[in-house]
Every structure is written in C-alpha cells, then in structure tokens.
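Colleague: Quick one: the structure is below, questions incoming.
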Amino acid sequence: IARQFGISVIKPRAALVPLTLSGKLHDSLRTLSGVSVRATVSCRGKAFTEAILFTHRGLSGPAILQISFYWQEGQAIVVNLVPDIDVLETLKGLRATNPKQELQTAISSFVPKALAQYLCQEFHGQKNMADQSNEMLQKVSNMLCAWKIVPSGTEGFRTAEVTLGGVDTAELSSKTFEAKNVKGLYFIGEVVDVTGHLGGFNFQWAWSSGYAAGQYV
C-alpha cells in the first residue's frame, strides 16, 4: 500500500529469528539439538549475553534472536560459551590439581556434558589433563571463548518475532503517524521501520503508535 502511494519502504527482513546452519557443521551439531547454555554472542560490534539453544536447524535462544538484528549473510558470529570465567587459567589449574582428570570432564565443568563431548571430538588431544600442553589448553580456551560460526541463513518470517525495515519513518508525521504527502493515510506498528529488542518493546511500540494515530484518525 505504501509503495502504491510512492512512499519509501526500507526492504523488510526477518529479525529476532533463529539462525540456520548447513553442511558439516550442521550435521555435527544436530546431535546437540535441545542443549542450552548461557553464552555471549557477538557480531558487528554488538554482543548479547543470554541463553543460546542448539536446534535441529541451527541456533536459537534469546542471545541468537538478539544478534539476528545485526547479522548479515556471509558473516560470522562469535560465541563465548563461558563468558564469566578465565578458561585458560582455570584449565591450567585443573591440570595441576587434577592431572588424572579427563579433558572432557574438565570441560564439562564449564558447559553441558553433550557439548563438552562434541568439543573434545574437535580437539583430538590427549585424554588426561596431565598430558595437555599449554598450546592445547589455549586451543580449547579459544574454542570455548571465541567460537566462530558462519550461519547459512535464518529461519525467515515463519518463526521471526518481528520485521526489520518497513515504511520509512521520514515519510510519516512523528506525532500522528499520518503520511506526510498522503492525507488520511496512516501507518503504525510493525509495518513501520521501527524495531526493538526482546523484552516487550515491539508490543509497546505497536500499542503506543496505534493509540497516537487513533487520536487523529
């Protein structure tokens, strides 16, 4: 409708949406479907520390939904699975105090057991902590704290919470939400290029913009 009246529209895309994986990474991570962990997820200078959830399609959970605002196709996201711990120093400490402990058991003290098992399969290192070199412990720490993942896409509007883009706000009155150049035509809520993070902000925007416009219709 906006385009019919020559009103500018910012290209809409899905946001607050799960990210999908493909190829070998997707196949290997499918075994973790249902596993959840608190993590910091970052992309393009933005970071969110909340739960992430491994799914049969890829990654979901609040931290992933939030970062989907900023992720663009082809870019990597960086996942810190242990945001509150100095993992390298902790692992060195465990090597000294529990030399016979297996690496997988040590990692299980940071993340869920299934995830620890998956990560250990990636390292191909020695089993016991006593046999772990500083180089190997650094490798383990890097993957736990800076795991780079390149999503293949998103689940799209089918599961998205909101839409990014929409009717350009420059085309509307900020007081009445009436189109500046088309008298009697109003746009409110999600159809406008205004989008908030998780937490009820998008509901509030829908209600508030609807109420404001309603005073003038």
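Colleague: Relative contact order for the chain: what percent, with Cα pairs under 8 Å and sequence separation of 6 or more?
Modeller: About 25 percent, as a whole number.
Colleague: Continuing with this model, one more query. Roughly speaking, what % of Cα-Cα pairs in the stretch 143-209 are separated by over 20 Å, rounded to a whole number?
Modeller: It works out to 45 percent of all Cα pairs.
Colleague: In whole Hz, what ³J(HN,Hα) sequence does the stretch 97-104 give by Karplus (6.51, -1.76, 1.60; θ = phi - 60°), x for Gly and Pro?
Modeller: Once θ is set to phi - 60°, the couplings for the stretch 97-104 become 8, 9, x, 8, 5, 6, 4, 4 Hz.
Colleague: Take the eigenvalues of the Cα gyration tensor for the stretch 81-178, scale each by 5, and report the square roots as semi-axes in whole Å, largest first.
Modeller: For the stretch 81-178, the ellipsoid semi-axes come out as 46, 15, 11 Å.
Colleague: Treating only the Cβ of Lys, Arg, Asp and Glu as charged (+1, +1, -1, -1), what charge dipole size does the chain show about its Cα centre? Round to the nearest 20 debye.
Modeller: 200 debye
Colleague: Now, a different point. With N residues in the chain, what two-decimal value do you get for its Cα radius of gyration over 2.2 N^0.38 Å?
Modeller: 1.34
Colleague: A follow-up question, please. Express the Stokes-Einstein translational diffusion coefficient of the stretch 53-93 in µm² s⁻¹, to the nearest whole number, given a Kirkwood radius over alpha-carbon pairs, 10 °C and a viscosity of 1.306 mPa s.
Modeller: Roughly 128 µm²/s, to the nearest whole number.
Colleague: Another one. Can you work out the accessible area per residue across the chain, with the rest of the protein chains kept in place, probe 1.4 Å, in square angstrom?
Modeller: On a per-residue basis, the chain sits at 53 Å².
Colleague: Set Lys and Arg Cβ to +1 and Asp and Glu Cβ to -1, take the dipole of the chain about its Cα centre, and tell me which of 199, 77, 39 lies farthest positive.
Modeller: 77
Colleague: Specify the angular offset, from 0 to 90 degrees and rounded to the nearest 10, of the alpha carbon long axis of helix 113-123 from the longest principal axis of the alpha carbons in the chain.
Modeller: Helix 113-123 sits at roughly 70 degrees to that axis.
Colleague: Continuing with this model, one more query. Counting each DSSP H run of 4 or more residues in the chain as -39500 (n - 2.57), what helix-only mean residue ellipticity at 222 nm follows after dividing by all residues, to the nearest 500 deg cm²/dmol?
Modeller: Here the helix-only value at 222 nm equals -9000 deg cm²/dmol.
Colleague: Please count, across the stretch 104-215, the pairs of lysine residues with Cα atoms under 20 Å apart that sit 8 or more places apart or on different chains.
Modeller: Here the count comes out as 5.
Colleague: For the stretch 25-83, give the percent of accessible area contributed by carbon and sulfur heavy atoms, probe 1.4 Å, rounded to a whole number.
Modeller: 47 percent
Colleague: About the Cα centre of the stretch 44-110, how large is the charge dipole given +1 on each Lys and Arg Cβ and -1 on each Asp and Glu Cβ? Please answer in debye to the nearest 20.
Modeller: 120 debye
Colleague: Moving to a separate point now. Would you work out which of 133, 121, 111 lies farthest towards the positive end of the dipole of the stretch 99-145, given +1 charges on the beta-carbon of Lys and Arg and -1 on that of Asp and Glu, about the Cα centre?
Modeller: Selected residue: 111.
The values are calculated or read from the model by the stated rules, or taken from the named source; none is laboratory data. Everything quoted here is computed from the prediction, not taken from an experiment. When we count neighbours, we look across all protein chains shown, and the Cβ atoms used for this are built from the backbone with ideal geometry, even at glycine. Remember, those area values only see protein heavy atoms, side chains included, never the ligands or the DNA or RNA. Shrake-Rupley method; radii C 1.70, N 1.55, O 1.52, S 1.80 Å.
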